[in-house]
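Peer 1: The structure is given below, and queries will be raised subsequently.
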Amino acid sequence: MGNAFPKKMKAQILCVGLDNSGKSTIINTLKPTKEQLKELNPTVGFQAEQFTFNSILFTVFDMSGQNRYRSLWEYYFDVCFGSHNCKKNF
Ligand SMILES: Nc1nc2c(ncn2[C@@H]2O[C@H](COP(=O)(O)OP(=O)(O)O)[C@@H](O)[C@H]2O)c(=O)[nH]1
Ligand SMILES: [Mg+2]
């Protein structure tokens, strides 16, 4: 017999790239309309977002592309895919 309450699919995304390449804009577009920001400011450090898209619960780490914050990329790669628990850092 099937499960009447199937577990929601989850995805954890680490979004990295050069500054001003449009990362935050893409993430903002994926969010439900009422949660979308009208105006985006440059990301400082990183921004953690959680939203549902196509019935999948996304946790997205939107990393700043600025040179001085790029050392965080490696750390959050480990947070998302390594030994850390992502929920502790959200
Ligand atoms: N022309 C154009 N501008 C974009 C596009 N995507 C984002 N932008 C603009 O590029 C700038 C940087 O976008 P942002 O999402 O903050 O980049 P991030 O630093 O990678 O997060 C903003 O002024 C956006 O409005 C695009 O597809 N085309
Ligand atoms: Mg950004």
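Each reported figure results from applying straightforward, stated rules to the coordinates on display, with no laboratory input. For clarity, every value in this text was computed on a predicted model and none was experimentally measured. In this analysis, Cβ positions are derived from the backbone assuming ideal geometry, glycine residues included, and neighbour counts consider all displayed protein chains.
Peer 1: May I ask you to sort C80, C15 by Cβ crowding, counting other Cβ atoms within 10 Å and putting the fewest first?
Peer 2: Arranged by neighbour count, lowest to highest, C80, C15 become C80, C15.
Peer 1: Let me ask something additional. In terms of the Cα gyration tensor, with a ≥ b ≥ c the square roots of its eigenvalues, is the stretch 1-43 rounded because a/c is under 1.5, prolate because a/b exceeds b/c, or oblate?
Peer 2: Oblate is the answer for the stretch 1-43, as a/c is 1.5 or above yet b/c matches or exceeds a/b.
Peer 1: Just to be sure I understand: of the beta bridges DSSP finds with both ends in the chain, what percent are antiparallel, rounded to 5?
Peer 2: Close to 55 percent.
Peer 1: Rg/Rh for the chain: what does it come to with C-alpha atoms and Rh from Kirkwood?
Peer 2: Using only Cα positions, Rg/Rh for the chain is 1.03.
Peer 1: Determine, from the Cβ-Cβ distance of E35 and K8 and an R0 of 22 Å, the FRET efficiency 1/(1 + (r/R0)^6), rounded to the nearest 0.05.
Peer 2: 0.80
Peer 1: Still on this structure, please answer the following. When the helix-only estimate is applied to the chain (DSSP H runs of n ≥ 4, each -39,500 (n - 2.57), divided by the residue count), what is the mean residue ellipticity at 222 nm, nearest 500 deg cm²/dmol?
Peer 2: Here the helix-only value at 222 nm equals -6000 deg cm²/dmol.
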